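Take a look at the structure set out below.
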Amino acid sequence: MVAKELAFVRTAWLFVRNRIPRPRLPKGKKKWLWMIAITLLTPVLAFGVFLLALLKGYFGPLPDEEELSHIRNQTASEIYTADSVLIGTYFVENRTNIAREEIPQHFIDALVATEDARFYQHEGIDNRSLLRVIFKSVLGRDRSSGGGSTLSQQLAKNLYPRRPHGHLTMLVNKAREAVLATRLENIYSKDEILVLYLNTVPFGEDVYGVEMAARRFFNKRPSALTIPESATLVGMLKAPSAYNPRLHPEASAERKNVVLGQMAKYGYLEAQVLDSIQNTPIELHYGFASHNEGLATYFREYLRKEMMEWCGQHTKPDGTAYDLYTDGLKIYTTIDSRMQRYAEAAVQKHMTVLQQQFDRHWARSKPWRYHTDILTRAMRRSDRFKQLRKSGLNEKQIRTHFNDTVKASFFSWTGDTVLTMTAWDSLAYYQMILQAGFLVQRPSDGSILAWVGGIDHHFFQYDHVTSTRQAGSTFKPFVYSAAVENGATPCDFYSNKQRTYKEFEDWTPENAEEEYGGKYSLQGALAHSVNTVSVEVMMNTGIQQVITMARKFGISGKLPEVPSLALGIADVSLMEMVHAYGSFVNHGRRSQTQYITGITDENGLMLDDFGGRNKGSVRVMTAQTAAVMTRMMTKVVDEGTAYPLRSVYGLNGNMAGKTGTTQSHADGWYIGFVPGLVMGAWVGADDPSIHFRSLHYGSGAHMALPIWAEFYRQLIRDPAFAHYRSDRFTYPEDVNNMDWDCPEHKETFFESLFGKHRKDDESETDTPSEEPRKKAWWKRRR
């Protein structure tokens, strides 16, 4: 191709030289005429030399036809939900390529009429406009003289961005684009050039291509754009920021009318149609898709890490590894966009109220009054501390830096607020923010349906679905499952007497209400989360057997071989707990967790079919044990610590689950399930030393259960999920025939007269349960 272009330069020079008249004139006049001729030809010769240098690569290499015929844009990878909703992208340039048939004709008409009216007549260069720009640049009248670029030239500029070349910058770049435009026209058809252009052109806000622009400003595919909407987007191409319809609606509307006028001028729009739509107001459906906003932000970040590993293990046909940010992968997940919205709304609704209660609770003092090292630990965890430490400062010097005043945007449930405060005050402010995690899973196949890892990904990136905290009483079903597998039955009775385990450092379990005496049935002890009985059940079953059972449920962390394990001192993640509880719904089998169903390339070719894999499941316990445990946990909802689901939230139907509260009320849990679905919620501060000081506010029933209730209430109102309200747990015949008709608690004769024994010490328990207060017999009768 370069040889042809050099031959063209030589031919042009010969053409000019052979046509210069050579009249015989007197010597004096001949000298002056030749001087004039040389003066006129010098620019032509200079341009010929310049063009030769350009083609030879003096101003940088020019892509040849081979490279241009394999143009490939950096394309964002897309994440889709199970119900086909695009929830996010991974990108360097936020771009998605589309085909010609997905672009409406009126968009093409608006583009051509406004940007390049002679597009279908020229071969890449509009000579008149190009000469005007060259003339201005050579004479130095306007070094930034733009305009005159055809769509082919603009495509060349988008594909190969301009570079500085001193005083010749505009001339070199315009000439490069002219050469590349000619080559593009030789390779591609007009329609192909239009599609390439519309897939590369920037619309501002880090958005590239008409597909992402249509989604950003109108939340629709390009094929669904109206004529005024198309005119609005085309109008942005002249100056994406100045004509941004969100930032400058009036300027955008004026520019839109200019585009519509151009369409009418060149015959693409009839006059009566122009009159009817010219003043039509544009309604934006703006959807900003940053990494910290939109649906399932925490899930998308978790998925990003998984996909980075996948890309490193899979190669393209050319042998290179896939690039998540540029190769336009399409990732299909198990997330349900409707459930995700309900989950995020439930977290926001409850946490807004709970945070207000927490602020009032600590209005007169702060937790660091009792734990002076809280802020020191927070300082050492902060990015500011780590950066200053890297710069060589010691801790004493760093502390002085934390007295510096900063002005920044701070998180608030009433809206982000710009505040001015010291770094110490900023630490204190954020330590008092309560966090939450919520997860929804389908137990039959392990599919994750909704994932809320925190309250705001912009301010808090720590994911509370995958992080670990003490499980509290939500660990107890593993203890009771081991007991049932070992032969225990729901109506077996265990003493509620407080005892000290001398072989374990004289450790003594305490009940939340400090009430002891009598005996509890197995189902009654679980329903009311009685600590003394739970420990007794584990010691009778065997600590090692309980640990083995917990491992079968999928609990992977450290499980200490001590009696307090029964009360949930082990650190677990919300993901593990929700997955484990799914085994009860799934008749004793634990399915493998999955959140990806498939990955395709940008053209839809399947690269990895996760849905086609045989996930299988593992047997955790017998189907009979699973049924017994499910029926016992329905009593937690019907009569026990999760009764607010019935009494406060008015939820009907089959539900089962377990609340959990850890030491000093640092963590609130509720893991609950219905036929076909298991959901789990966790709430607490990032630092366990910061918590409510009373069980009334700090229990799992108060902190976590309302998220579960609000989500489920929204879910069953949706006709698509209403069946969860009517579905019923099914139990084998031998489970139904078991003895279930027994009292939850049996008192001794003296207890029936004088009430149960209470310790005088009313201090907070180490690991309190959610057992409701038991009243003396005369109070109960009254």
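Values for this structure:
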read-out	value
Exclusive hit being exposed (fewer than 14 other Cβ atoms within 10 Å of the Cβ) and either modelled with pLDDT of 90 or more or in a loop (DSSP other than H, G, I, E, B) (or both), set Glu301, Glu283	Glu283
Unique residue being part of a strand (DSSP E or B) and within 26 Å of the chain's Cα centre (by Cα) when the list is Tyr332, Tyr342	Tyr332
Candidate set from the stretch 696-730 (those that are surrounded by 24 or more Cβ atoms within 10 Å (Cβ to Cβ) and hydroxyl-bearing (Ser, Thr, Tyr)); member that is nearest to Glu513 (Cα to Cα)	Ser699
Residue list for the stretch 152-175, filter: crowded, with 21+ Cβ neighbours inside 10 Å and touching a Phe, Trp or Tyr at 6+ places or on another chain (Cβ under 7 Å)	Leu155, Val172
Some residue of the stretch 569-585 being at pLDDT below 95, of a type outside the set (A, V, I, L, M) and open to solvent by 10 Å² or more (accessible area, probe 1.4 Å)	no
Verdict on Thr474 being over 14 Å from Trp669 (Cα atoms) and of a type in the set (Val, Ile, Thr)	no
Residue that is closer than 22 Å to Gly657 by Cβ and open to solvent by less than 10 Å² (accessible area, probe 1.4 Å), where the choices are Thr489, Thr474, Thr468	Thr474
Helices (runs of 4 or more DSSP H) enclosed by the stretch 352-459 - at least 2 residues per element that are open to solvent by less than 30 Å² (accessible area, probe 1.4 Å) and not aliphatic (A, V, I, L, M)	423-431
Qualifying positions in the stretch 272-319 - among the hydrophobic types (A, V, I, L, M, F, W, C) and in contact with a Gly (Cβ under 9 Å, 6 or more places away or on another chain)	Leu274, Phe288, Ala289, Leu295, Ala296, Phe299, Leu303
Test: Leu225 is modelled with pLDDT of 90 or more, out of contact with any Pro (no Cβ under 8 Å at 6 or more places or on another chain), within 30 Å of Ile87 (Cβ to Cβ) and aliphatic (A, V, I, L, M)	no
Single condition Arg469 does not satisfy, out of (1) in contact (Cβ under 8 Å) with a residue 60 or more places away in the chain; (2) not in a strand (DSSP E or B)	(2)
Condition met for Arg693 (modelled with pLDDT of 95 or more and surrounded by fewer than 19 Cβ atoms within 10 Å (Cβ to Cβ))	no
Any hit, the stretch 667-677, residues being out of contact with any Gly (no Cβ under 7 Å at 6 or more places or on another chain), in a helix (DSSP H, G or I), touching a residue at least 24 places away in the same chain (Cβ under 8 Å) and surrounded by 18 or more Cβ atoms within 10 Å (Cβ to Cβ)	no
Residue in the stretch 623-639 that is in a loop (DSSP other than H, G, I, E, B), of a type in the set (Val, Ile, Thr) and either surrounded by fewer than 18 Cβ atoms within 10 Å (Cβ to Cβ) or under 34 Å from the mean Cα position of the chain (by Cα) (or both) present	no
Qualifying residue in the stretch 100-120 (condition: at pLDDT 90 or above, aromatic (Phe, Trp, Tyr) and farther than 21 Å from Pro202 by Cβ)	no
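Yes/no per residue for (1) over 33 Å from the mean Cα position of the chain (by Cα); (2) more than 29 Å from Ser69 (Cβ to Cβ); (3) open to solvent by less than 50 Å² (accessible area, probe 1.4 Å):
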site: Leu184; (1), (2), (3): yes, no, yes
site: Lys190; (1), (2), (3): yes, no, yes
site: Glu211; (1), (2), (3): no, no, yes
site: Asn219; (1), (2), (3): no, yes, no
site: Ser230; (1), (2), (3): no, yes, yes
site: Leu237; (1), (2), (3): no, no, yes
site: Pro245; (1), (2), (3): no, yes, yes
site: His248; (1), (2), (3): no, yes, no
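Conditions (1) of a type in the set (Val, Ile, Thr); (2) on the phi > 0 side of the Ramachandran plot; (3) assigned to a helix (DSSP H, G or I), marked per residue:
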| site | (1), (2), (3) |
| --- | --- |
| Asp191 | no, no, yes |
| Val210 | yes, no, yes |
| Ala214 | no, no, yes |
| Thr232 | yes, no, yes |
| Gly235 | no, no, yes |
| Ala239 | no, no, no |
| Asn244 | no, no, no |
| Ser252 | no, no, yes |
| Leu260 | no, no, yes |
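The values are calculated or read from the model by the stated rules, or taken from the named source; none is laboratory data. Quick caveat: nothing in here was measured; it's all calculated off a predicted structure. Using ideal geometry, Cβ is built from the backbone for each residue, glycine included, and neighbour counts are taken over all protein chains shown. To get the accessible areas, we keep the full protein, side chains included, count just its heavy atoms, and leave off ligands, DNA and RNA. Shrake-Rupley method; radii C 1.70, N 1.55, O 1.52, S 1.80 Å.
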